[in-house]
Amino acid sequence: MKYGEIIVNEFDVDKDLEIWPNQHKRNYIIKMTLPEFSCLCPRSGYPDYATIYLEYTPNEWVVELKAMKLYINSFRDKHVSHENSANEIYEILETKLKPKYIKVVADYNPRGNVHTVIEIDSLKMAKN
């Protein structure tokens, strides 16, 4: 394997998703577009592709961008549904960053005449 494949395959979200202290007290929004998300269908094994849109208002922490890239790329060989991938990304970032606001949108490319968009927005969802 090439060095990039090794890094992605060995990525451990618990120890490798680096976060940094937010140095600003004002409210601001960080927006990321991750256009090359891929994972594998848990039923068929066929690849699924999506653009992930992430936005959050930091509280005390921000996510380091290279670590975010590696985390997103770690899904490429994972068998996971559209819903579960979007919810995992949301839950990991919500847990690690504890942002004031967070929204994750997973916009999957159509496959088999079905286009799926999963949206999780902390302002629109009731806390359980």
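The values are calculated or read from the model by the stated rules, or taken from the named source; none is laboratory data. Computed from a predicted structure; not experimentally measured. Here Cβ is always computed from backbone atoms with ideal geometry, including for glycine, and neighbour counts include all displayed protein chains.
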Exercise for the section: Would you mind telling me which numbered condition in (1) more than 21 Å from PRO99 (Cα to Cα); (2) free of Cβ contacts under 8 Å to residues at least 40 places away in the same chain; (3) charged (D, E, K, R); (4) not in a loop (DSSP other than H, G, I, E, B) ARG43 fails? Expected result: (4)
Problem - Tally of residues being within 21 Å of VAL117 (Cβ to Cβ) and either touching a Ser or Thr at 6+ places or on another chain (Cβ under 9 Å) or buried (at least 16 other Cβ atoms within 10 Å of the Cβ) (or both) across the stretch 39-70 - result: 16
Practice task
Say whether the condition of being touching a helix residue (DSSP H, G or I) at 6+ places or on another chain (Cβ under 6 Å) and assigned to a loop (DSSP other than H, G, I, E, B) is met by at least one residue in the stretch 83-106.
Solution key: no
Handout entry: Cross-chain or 6+ apart pairs with Cβ under 9 Å, the stretch 13-35 first and assigned to a loop (DSSP other than H, G, I, E, B) and among the hydroxyl-bearing types (Ser, Thr, Tyr), then at pLDDT 95 or above and surrounded by 11 or more Cβ atoms within 10 Å (Cβ to Cβ)
Key = TYR28/THR57; TYR28/PRO58
Problem - Hits in the stretch 51-82 - residues which are in a loop (DSSP other than H, G, I, E, B) and either modelled with pLDDT under 95 or not β-branched (Val, Ile, Thr) (or both) - result: PRO58, ASN59, GLU60, GLU64, SER74, PHE75, ARG76, ASP77, LYS78, SER81
Completion exercise
Within the stretch 82-126, residues farther than 17 Å from TYR46 by Cβ, within 11 Å of the chain's Cα centre (by Cα) and in contact (Cβ under 8 Å) with a residue 60 or more places away in the chain come out as ILE92
